Structure formats: C-alpha cells, structure tokens
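The values are calculated or read from the model by the stated rules, or taken from the named source; none is laboratory data. Given the structure is predicted, the values throughout are model-derived calculations rather than measurements. FYI the Cβ positions are ideal-geometry reconstructions off the backbone, even for glycines, and counts take in every protein chain you see.
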Amino acid sequence: MQLDASIFKAYDIRGIVDKTLTVDVAYAVGQALGQLAQQNQVKTLCVGRDGRLSGPKLADALMKGIVSMGIDVKSLGMVPTPVLYFATFLTECGSGVAVTGSHNPPEYNGLKMMMAKETLHGDGIKALRERILEGIAPAEVAGTIEEIDVVTPYLEKVTGDVKLARPMKIAIDCGNGVTGPIAVEMFKRLGCEVTALYADVDGHFPNHHPDPSKLANLQDLIETVKTTDVEVGLAFDGDGDRLGVVTKSGQVIFPDRQMMLFAADILSRHPGKQIIYDVKCTRRLVPWIQEHGGIPTICCTGHSLVKAKLKETGAPFAGEMSGHLFFNDVRWPGFDDGLYAGARILEILSRHEDPSAVLEALPTAVNTPELNIAMAEGENKRFIARLQQELKFDDAKDVITIDGIRVEWEDGFALARSSNTTPVVVLRLEGDTPEALERIKTRFGDALRSVEPSLELPF
C-alpha cells in the first residue's frame with residue numbers, strides 16, 4: 001500500500017481519490033484511529049460523510065478499519081460536518097470522523113478527525129501515518145457498526161435554541177453540497193420562506209464550486225437576492241462548516257464583518273469576555289470588539305488551531321476569515337457550524353425591518369481578497385521564516401509574528417503567511433482608504449522583494 005505523506009495535512013487528511021487517497025489508505029487510517037482510541041479509553045467513534053461520489057466507499061473502509069481494532073462505530077450516513085461534531089457531543093464519545101473533501105474539487109476527498117474532544121491537527125495527524133508505517137495488529141474481538149439518526153436531534157436542538165423575531169424571506173445557496181436538504185428544512189422550521197439554489201446533493205458540483213469565500217461562486221445567489229423579494233442570502237460550503245452572506249444590494253458580507261455582528265450580540269450577554277479572531281481578519285474588528293466590551297484576541301489561522309484557542313481561553317465566540325465560526329456560549333458547544341451560524345445571524349437580523357442596512361452599516365475598509373504566491377513544496381515556510389528574521393518596519397505601529405508576519409500601520413495592514421495546506425504564501429492587505437491601500441501595497445511589496453528580488457507579486 002502506498003502511503004503518500006502529502007495527504008497528511010495540518011488540519012486533516014486530504015488527497016485525490018484512488019490515487020493518493022484509496023480505500024486501503026482509509027482502512028489503515030481507521031485502524032490507526034482505532035488504536036489511538038484504545039490509548040485514550042475511547043470506546044466509540046461517530047462517522048459521517050458528505051455528498052461526494054467517493055464518500056460511501058471511503059467511509060465504509062474507514063469504519064471497517066476502526067471496528068477491526070475493537071472500537072464501536074456510530075454510522076451517521078450522509079451529513080454535514082457540523083452534524084458529525086454535534087453527534088460527538090450527543091453520544092458523549094467526543095470522537096469522530098467526517099469523510100469530506102470540504103470545498104476541494106470533486107476528485108478530492110478527505111478526513112476531519114476528533115479524538116477525546118480534541119480536533120486532530122499538526123503532529124497529531126502526522127502521528128497517524130507513523131502508526132500505520134509501524135504496523136498495526138487488529139484486536140481479537142471486533143467492534144460493531146450501528147446506524148443512528150442524528151439529523152432529527154440536530155434540527156430539534158437548533159430550532160429549540162434559535163428564535164426569530166419575525167418570519168423572514170431568505171435565499172440559500174448550497175452549491176450541491178451536503179447541506180441542501182437539512183438547510184432547507186431547518187430554515188423553514190425557523191419560520192423562513194426559503195428560495196433554495198442547488199439544494200440537491202450532487203458530488204459532481206454541476207453549477208458552481210461549493211466555496212462561499214470566492215466571489216465567483218456567489219454570483220447566482222447575488223442575482224437572486226437582488227432580483228426577488230428575499231431579504232438576505234446565505235451560502236454554505238461543501239460540508240457545511242462555513243457561511244457566506246449576501247445583502248439586498250449584492251454586497252458580500254465577509255466573515256470578519258459577520259463576526260462583528262455576532263460579537264456585539266454575544267458580548268451583550270457575556271460582557272468582558274475574549275473574542276478570538278485569526279490573523280487574516282480586518283483591523284476594524286479590534287476596536288469594534290473593544291467598543292462592545294470585549295477583549296480582542298488574535299489567533300493563528302486554521303479551524304483546528306482556533307478551536308484549540310477557544311478551549312484554552314473559554315471565550316464565548318471565535319471566528320476566522322475563511323468562514324469558520326465557533327459559538328461557545330451556553331447555547332452551543334464550541335464547534336464551527338455554518339448552518340447554525342446562519343440561524344444565529346437571522347435571529348439577529350429578524351429584529352430589524354431592513355437586515356441589509358444592518359449588515360452594510362458594519363465597519364469596513366478597502367482590502368484585497370486572499371492572494372497567493374505559489375512556491376515549491378516547503379519553500380513557502382522557509383520564505384516566511386526569512387521575512388520574520390530579516391524584515392524591519394520602523395514606520396509600523398505593530399508587527400505580529402504568531403502566524404507569518406502581519407504589519408500594522410495607522411491606516412491599514414499587510415499580512416504574509418504560509419498556507420498549512422498547500423505550498424503557497426498567502427497575502428492579505430487592507431487600507432482605510434484606496435490611497436492607503438496602494439501605499440501599503442508598495443511598501444510591503446518592496447519589503448518582500450528585498451528578501452527575494454525575483455518574487456512575482458499578485459498585486
């Protein structure tokens with residue numbers, strides 16, 4: 001069996017089906033997880049899958065690997081990743097695997113893993129590969145597989161928790177991902193009139209890629225919201241753990257601005273608490289959190305790392321620019337859930353006659369999208385290390401190096417960090433005005449080229 005090291009990523013296992021991620025690999029990972037479960041005194045794992053065509057065979061192999069180690073499996077069938085997380089709380093096993101390719105192209109699939117209430121990441125994922133290479137002997141007595149319904153209690157939990165002040169007309173775009181049937185049902189139960197785009201699950205993703213962080217994937221939703229009588233549009237990624245929001249005028253409210261709305265709402269009930277945000281978020285978020293009585297706390301990018309920070313601090317809310325939003329108040333148990341975030345944002349917006357006006361009034365700035373510089377494998381990390389070591393910004397207000405290098409000026413910021421999933425350097429730049437942004441582009445671009453003169457910048 002080929003065991004490609006490249007599929008063991010920072011936050012999950014991910015590869016091309018039948019090439020780097022095969023049923024044999026899924027079985028072997030199941031065995032490794034089963035062995036890890038034994039060592040953590042975990043007796044049961046929950047397993048769910050998204051709507052990808054390869055999901056059934058990979059989930060089947062994974063579950064066979066787990067039960068070969070004497071560990072029981074609760075099989076959830078086809079569910080969004082947040083529903084898998086919910087199942088780990090519902091069954092109190094705190095452990096599970098979502099078989100999902102998230103927002104990757106159709107030929108990909110992957111595994112997001114929890115063990116003993118901790119999301120596996122970094123060295124924890126690499127250690128699974130080492131276990132497999134060392135060889136794993138199956139248990140004398142195999143575990144069992146039991147199919148359970150988690151969708152019903154999940155919907156009951158959300159609709160029992162979230163209450164809209166009035167009925168709303170909304171559009172949702174599920175991108176043919178796994179959220180479709182559950183999202184339609186959930187928002188209808190909440191009292192919404194729902195216009196659904198691409199709510200049928202189709203692993204070919206025939207309409208557009210299920211990634212709401214990319215503007216190209218939101219065009220159909222924007223058009224629907226602008227040309228019909230719906231009040232707001234919500235979009236979900238392929239496995240349902242991220243949220244996109246569109247206003248009546250077609251403006252996209254990116255996650256760092258969504259976080260403002262959530263932070264203000266949560267801090268009204270949890271004053272003085274920390275609100276966690278990742279290094280890619282707008283600098284407008286910090287004064288907003290402070291003005292609403294919270295403590296802004298910056299964190300490395302990556303849903304696993306944010307989740308770990310959430311647990312460390314006990315903060316009631318965290319979010320990152322990619323769209324992972326974590327509610328950790330008394331109402332919800334701290335995992336990222338695009339569907340639940342969609343319900344919570346409607347709860348806030350339903351208190352207002354004009355939801356779009358509320359969203360568009362949130363502080364904003366002039367910024368670039370996420371920009372990438374492709375590099376050879378490993379070179380991206382070496383380049384960032386050089387930036388951190390060699391660059392000096394005497395004109396800057398602050399330089400933050402917890403995850404790459406983020407340079408704060410009085411009127412904007414520039415960020416360069418290494419992706420943990422692909423060999424690219426990620427850039428994001430922001431200014432209070434167009435002129436400020438252009439100056440920051442020039443200043444930061446010159447600094448980057450001083451370290452690597454041949455660098456081709458994407459701005």
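From the list GLY203, GLY175, GLY180, pick out the single residue that is at negative phi and surrounded by 20 or more Cβ atoms within 10 Å (Cβ to Cβ). Before the answer, list the steps.
Working: GLY203 fails: surrounded by 20 or more Cβ atoms within 10 Å (Cβ to Cβ); GLY175 fails: at negative phi.
Unique residue meeting the criteria: GLY180.
Among the strands (runs of 3 or more DSSP E) lying completely within segment 192-250, list those that include at least 2 residues that are within 20 Å of the chain's Cα centre (by Cα). Show your work before the answer.
On the way: elements: 192-197, 232-236, 243-246.
Answer list for segment 192-250: 232-236, 243-246.
Checking PHE413 against (1) part of a strand (DSSP E or B); (2) assigned by TED's automatic domain parsing to the domain that holds THR179, which single condition isn't satisfied?
(2)
Of all residues in segment 423-456, count the ones that are exposed (fewer than 13 other Cβ atoms within 10 Å of the Cβ) and either charged (D, E, K, R) or in a loop (DSSP other than H, G, I, E, B) (or both).
6
If you take just the helices (runs of 4 or more DSSP H) that sit entirely in segment 296-410, which of them hold at least 3 residues that are within 14 Å of ASP278 (Cβ to Cβ)? It would help to see each step written out before you state the result.
On the way: elements: 303-313, 338-349, 355-360, 379-390.
Fully inside segment 296-410 and qualifying: 303-313.
Looking at segment 67-86 only, could you name the residues that are small (Gly, Ala, Ser) and either under 18 Å from GLY51 (Cα atoms) or without any contact (Cβ under 8 Å) to a residue 24 or more places away in the chain (or both)? Outline the logic, then answer.
Pass one, segment 67-86, residues small (Gly, Ala, Ser): 68, 70, 75, 77.
Correct list: SER75, GLY77.
Give the residue, chosen from GLY342, GLY334, GLY323, GLY338, that is crowded, with 23+ Cβ neighbours inside 10 Å, within 19 Å of the chain's Cα centre (by Cα) and on the phi > 0 side of the Ramachandran plot.
Details: GLY342 fails: on the phi > 0 side of the Ramachandran plot; GLY334 fails: crowded, with 23+ Cβ neighbours inside 10 Å; GLY338 fails: on the phi > 0 side of the Ramachandran plot.
Within the list GLY342, GLY334, GLY323, GLY338, the selection yields GLY323.
I need the full set of residues from segment 407-427 which are closer than 22 Å to GLY378 by Cβ and not hydrophobic (A, V, I, L, M, F, W, C), in order please. Write out each step before concluding.
Restricting attention to segment 407-427, the residues satisfying the condition of being closer than 22 Å to GLY378 by Cβ are 415-427.
Result: ARG417, SER418, SER419, ASN420, THR421, THR422, PRO423.
Checking ILE405 against (1) under 14 Å from LEU448 (Cα atoms); (2) outside the structural domain of VAL426 (by TED's automatic domain parsing); (3) not charged (D, E, K, R), which single condition isn't satisfied?
That leaves (2) as the condition not met.
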